[in-house]
Every structure is written in C-alpha cells, then in structure tokens.
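> The structure is given below, and queries will be raised subsequently.
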C-alpha cells in the first residue's frame, strides 16, 4: 500500500480524489490545504507520494517543491494542475518532479501516473510532455544574447568559483532552487556541467553583451 499525502485547497477536488482512490492500493494518509501545511505534513507523516496542487494559499505547489528536502524523507511528487505556465513547467522538470497531471484529464491518467511513480518511473501528461520537449528544443536553439539578468548573475557566480550554498545565500533562495536554475542554464547553453560553464563563461557573457 502506497501512502499518499494530498495537498489541495479545493474540498471538491479532495473528495473526488478520495473516491477515486478508494479500494485501490493507494492510501490517503493526510490532507493539506496550503503550502505550509503540506510541508509540515510531509515532515510529520513521511508519505511515499505527495499529490500537490499547483495553486494553493500559503505557498503554492512550486514553492513547496522548491522547499522540499533534497534527500531523506522527500516523497515522490506529482503535480496536479488546471494549467501551468512555461517557466513553471520547465522549473518543475528541473526540480525532478515525478509526475504531472492536468485536472481536466481522464481520471485514469492519474491512476496511471500513480502506478508509474510508485514503481520508480516518471509520468507526465502527454500534453505537458510535448510542451516541455518543444520548450527544451527552443532553449537549446536560443541565441546566447537571450540570457536573462538572473542567468547572467548565475554564470558570473559560477565563474567566480562560488558553491551552490554560497550562491543560494546571495540570492536568498534554497540550494535546490540554485540547482534548478543552473540546470536550466546548462540546457539553454548546451553545456553539461558547471566546470564547462565556468570555462566558457566569457564566451556566453560576451554573446549577451554582459562580459
């Protein structure tokens, strides 16, 4: 039996999911109606899977995803959403979310996603997976001049030899968020690691007019 924490602030959605998962091998062990409640419940209940609504008060799904521990008691995460913007979609992928399901999808999609995630595999709604592929392709072909100010800042930090912990302190974010930002920069610039990014920093910054 897989233990599930359901984080969603809509009573109708929570009830519907309770009914859907009744008499299955998935057991809802707790519910949360806000981001802060979800984080507290993860620590207290240590569920196997976190079903996480993207839009909630007290820190939405993306904020919860950023703040979850990177190891130890971290559950597998499935995002539930009516809609997701491109930036959040790519950040969720970078933060290693295990599943994404659109709320207007066939309920069988969620059951399929849960089964995949329970067995250590990822499952992304086909519509979102196609969008993510197109976005990744567009990022790889983007010119270096398209670097955002935050990306320029990150490249300079890496070139200066700062560790993720030090970068996180300067930006006021978690180390997990820094890792997600760097992963996005790696994909955009077509590099495989921070060493290559540091070695080619001058090239990338010159192309963006920020050297």
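Derivation of every value follows stated rules applied to the coordinates shown; laboratory data play no part. Note that the coordinates shown come from a computational prediction; the quantities given were computed from them, not determined experimentally. Here the Cβ is made from the backbone with ideal geometry for all residues, glycine too, and neighbour counts use every protein chain on show.
> In degrees between 0 and 90, to the nearest 10, how far off the longest principal axis of the chain does helix 11-21 point, with axes built from Cα atoms?
70 degrees
> Normalise the Cα radius of gyration of the range 142-208 by 2.2 N^0.38 Å (N = residues in it) and let me know the number.
Relative to the rule-of-thumb radius for its length, the range 142-208 sits at 1.00.
> Using only Cα atoms, find the angle between the long axis of helix 175-189 and the longest principal axis of the chain, and express it within 0 to 90 degrees, rounded to the nearest 10.
60 degrees
> In nm, give the distance between the simple-model label positions of residue 156 and residue 85, each being 7 Å from the Cα along the Cα-to-Cβ direction.
My value for the distance between the label points is 2.5 nm.
> What nm value, rounded to one decimal, do you get for the distance between residue 1 and residue 200 when each label is placed 7 Å out toward the C-beta?
It is 5.2 nm.
> Helix 149-159 against the longest principal axis of the chain: what's the angle in degrees, Cα atoms only, rounded to the nearest 10?
That works out to roughly 70 degrees.
> Please sort 49-55, 173-179, 93-99, 81-87 by packing, taking for each peptide the average over its residues of neighbouring beta carbons within 10 angstrom, highest first. It would help to have the intermediate numbers written out before the result.
Numbers: 49-55: 24.7, 173-179: 18.1, 93-99: 20.1, 81-87: 14.0.
Per-residue Cβ counts within 10 Å, averaged per peptide and sorted highest first, yield 49-55, 93-99, 173-179, 81-87.
> After finding the eigenvalues of the alpha carbon gyration tensor for the chain, what semi-axes result from the square roots of 5 times each, listed largest first in whole Å?
With the √(5λ) rule applied to the chain, the semi-axes are 35, 18, 14 Å.
> Related question: Counting each DSSP H run of 4 or more residues in the chain as -39500 (n - 2.57), what helix-only mean residue ellipticity at 222 nm follows after dividing by all residues, to the nearest 500 deg cm²/dmol?
After summing the helix terms and dividing by residue count, I get -16000 deg cm²/dmol.
> Which order do peptides 18-30, 149-161 fall in by mean Cβ count within 10 Å, highest first?
For the peptides 18-30, 149-161, the packing ranking is 149-161, 18-30.
> Given 5 Å bins starting at zero, what is the percent of C-alpha pairs of the range 26-120 in each, up to the one with the largest pair distance?
2, 14, 26, 27, 22, 8, 1
> Hey, what did the chain get for relative contact order, percent, Cα under 8 Å, at least 6 apart?
Result for the chain is 15 percent.
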